[in-house]
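The values are calculated or read from the model by the stated rules, or taken from the named source; none is laboratory data. Computed from a prediction, not measured in an experiment: that's the story for all the values here. Methodologically, a virtual Cβ is constructed for each residue, glycine included, from the backbone with ideal geometry; neighbour enumeration extends over all protein chains shown. When the accessible area is computed, the model is the full protein with side chains, heavy atoms only, and any ligands, DNA or RNA have been set aside. Shrake-Rupley method; radii C 1.70, N 1.55, O 1.52, S 1.80 Å.
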Amino acid sequence: MGGRTTIHDVAKAAGVSVSTVSKAVNGRYGIADATVQRVLDAVKQLGYESSLVASSMRARRTGVIGVLLADFEPFSAEILKGVGSAVHDTAFDLLAYSGSHLGAGDGWERRSLSRLSGTLIDAAIMVTPTVVSAGTEIPVVAIDPHTGRADLPTVESDSFGGALTATRHLIELGHRRIGFVAGRPDLRSAGLRDAGYRRALSDAGIPLDPSLVGIGRYELDATRESARIMLSGESRPTAIFAANDLSAIAVIDVAHELGLRVPDDLSVIGFDDVPEATRRALPLTTIQQPMRRLGAVAADMVFTLLSGQEIDEMHVILPTRLVVRATTAPPR
């Protein structure tokens with residue numbers, strides 16, 4: 001072959017497209033290992049090694065999987081443990097990253113991915129991302145995305161089913177005035193927990209009382225305020241379902257401050273089953289979502305994408321289960 005070898009020559013020799021050659025030599029995902037090897041063999045045979053393979057050796061793989069977090073809190077900490085377990089027996093290292101949110105608003109993930117992808121990490125797992133249109137060439141998997149399913153792989157727990165179970169547990173104990181402290185309005189999973197609460201009441205023929213619904217936003221101050229208003233009224237609830245465990249714990253603290261006994265005067269149930277749920281004097285009744293399993297499944301998705309294979313199921317929903325402890329009981 002006379003003249004300077006081009007990428008088109010490599011593509012023809014390897015029997016693939018030009019874009020496949022580019023992906024193969026730059027280490028991008030979505031290309032089978034056998035195809036990558038065929039392309040690199042053609043590169044070497046045609047003498048194109050100096051321009052293509054040199055860049056490939058610089059940028060091909062870092063051996064690092066990044067976990068992008070909005071904050072380091074109990075939920076994400078448990079997910080990290082699950083990712084870590086899945087990565088433990090592989091050749092990959094794990095990077096947990098929470099970038100600055102100053103002036104970022106929604107879409108902090110794009111800035112983090114732009115900084116890390118291709119140079120520091122080979123793939124990313126985003127935990128509760130505000131956006132899922134990442135626009136990156138590395139594999140990306142989202143856990144519990146704000147807006148729900150998207151065009152990239154996602155994994156989440158059954159928030160609706162879990163909330164349904166939580167509220168039905170209180171109803172089966174005999175409660176009729178059941179309050180709900182909601183999570184963040186912008187988070188899809190929080191909305192599903194709200195919907196599960198309302199469905200359980202409706203199925204049981206219990207009218208929804210707006211005065212028994214507060215918005216805690218998964219924030220301590222907002223949750224405490226909602227609980228105090230709810231529990232200070234003349235027709236206070238006999239039970240409260242909080243959209244996560246930390247909110248449920250805050251509700252219990254407010255109840256004690258108001259002289260109410262849990263579960264004698266007030267039953268409380270949470271959602272998540274974070275370690276804090278069992279560290280209290282009264283272990284918390286809660287809905288257990290498999291947080292570590294969420295991380296492990298997301299990691300398995302990443303491994304599949306990095307190997308050039310297709311994922312069998314793009315959107316995975318994992319089941320939840322009721323864990324009855326000491327904070328729920330029949331009403332007096």
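Given the options D122, D194, D33, which has the most mean-square fluctuation in a GNM of the chain, springs set between C-alpha atoms less than 10 angstrom apart?
With Cα springs under 10 Å in the chain, the top fluctuation among D122, D194, D33 is at D33.
Please state the relative contact order of region 237-332 as a whole percent: Cα pairs under 8 Å, 6+ residues apart? All intermediate terms of the calculation are to be shown ahead of the outcome.
Working: 146 pairs, mean separation 31.5, N = 96.
Reported relative contact order: 33 percent.
Can you give the relative contact order of region 128-233 as a percent, counting alpha carbon pairs under 8 Å and 6+ residues apart? Write down the numbers at each step before the final one.
Details: 155 pairs, mean separation 23.8, N = 106.
RCO, region 128-233: 22 percent.
If you wrap the chain's Cα atoms in a convex hull and average its projection over all directions, what's the area in nm²? Could the numbers behind the result be given before it?
Numbers: hull surface 76.6 nm².
Its average projected convex-hull area is 19.2 nm².
Could you order R61, R193 by accessible surface area, starting with the largest, using a probe radius of 1.4 Å?
Descending order: R61, R193.
Report the Rg/Rh value for region 142-269, based on alpha-carbon coordinates and the Kirkwood definition of Rh. Please list the in-between numbers first.
On the way: Rg = 14.6 Å, Rh = 14.7 Å.
Using only Cα positions, Rg/Rh for region 142-269 is 0.99.
Among A222, T136, A163, which residue has its Cα positioned farthest towards the positive end of the charge dipole of the chain, with +1 placed on the Cβ of Lys and Arg, -1 on the Cβ of Asp and Glu, and the dipole taken about the Cα centre?
T136
Keeping all protein chains in the complex and leaving out DNA, RNA and ligands, what accessible area do you get for H315 with a 1.4 Å probe, in Å² to the nearest 10?
We get 40 Å² for H315.
How about K44: which lysines have a C-alpha closer than 22 Å to its C-alpha, ignoring those fewer than 8 places off in the same chain?
Answer for K44, where 22 Å is the Cα cut-off: K12, K23, listed by chain and number.
For the chain, what is the charge dipole size about the Cα centre, in debye to the nearest 20, if Lys and Arg each add +1 at the Cβ and Asp and Glu each add -1 at the Cβ?
Values: 34 positive and 38 negative charges, 59 e Å.
I would put it at about 280 debye.
Most fluctuating residue of P237, P319, P210 in a GNM of the chain with Cα springs under 10 Å: which is it?
Of P237, P319, P210, the Gaussian network model singles out P210 as fluctuating most.
Build a GNM of the chain with springs between Cα atoms under 10 Å: which of M314, M291, M301 gets the top mean-square fluctuation?
M314
For region 152-198, restrict the atom set to alpha-carbon positions and state the Rg and Dmax in Å.
Reported Rg and Dmax, both Å: 12.0, 43.
Please list, ordered by chain and number, the residues whose modelled amide H lies under 5 Å from the amide H of V140; skip anything fewer than 5 residues away on the same chain.
A124
Within region 197-223, which residues have the backbone N less than 11 Å from the label spot 7 Å out from E257 along Cα→beta-carbon, could you tell me?
221-223
Can you tell which of I206, P331, A32 lies farthest toward the positive end of the dipole of the chain, using +1 and -1 charges on the Cβ of basic and acidic side chains (Lys, Arg; Asp, Glu)?
Final value for the positive-end residue is A32.
Given Cβ point charges of +1 (Lys, Arg) and -1 (Asp, Glu) and nothing else, what value in debye, to the nearest 20, does the dipole of region 260-301 about its Cα centre take? Mind showing how you got there, number by number?
Numbers: 5 positive and 6 negative charges, 24 e Å.
For this selection, approximately 120 debye.
About its Cα centre, how strong a charge dipole does region 193-332 have in debye, to the nearest 20, once Lys and Arg get +1 and Asp and Glu get -1 at the Cβ? Intermediate results must be reported in sequence, preceding the final value.
Numbers: 15 positive and 19 negative charges, 79 e Å.
That gives region 193-332 a dipole magnitude of about 380 debye.
Dividing the alpha-carbon radius of gyration of region 265-332 by 2.2 N^0.38 Å (N being the number of residues), what value is obtained?
Rounded to two decimals, the normalised Rg is 1.59.
Roughly how many percent of the accessible protein surface of region 93-248 is carbon and sulfur, given a 1.4 Å probe and a whole-percent answer?
Values: 3230 of 6520 Å².
With neighbouring chains kept in place, the figure for region 93-248 is 50 percent.
Could you tell me which residue out of M301, S112, A14 lies farthest along the dipole of the chain toward its positive end? Charges go on the beta carbon: Lys and Arg +1, Asp and Glu -1, centred on the Cα centre.
The residue sitting farthest along the positive end of the dipole is A14.
Measure nothing but the geometry: give the 0 to 90° angle between the long axis through the Cα atoms of 159-172 and the longest principal axis through the Cα atoms of the chain, rounded to 10°.
Computed tilt is about 20 degrees.
Just want to confirm a number: the relative contact order over the chain, from Cα pairs under 8 angstrom separated by 6+ residues, in percent.
Numbers: 680 pairs, mean separation 60.5, N = 332.
Relative contact order of the chain: 18 percent.
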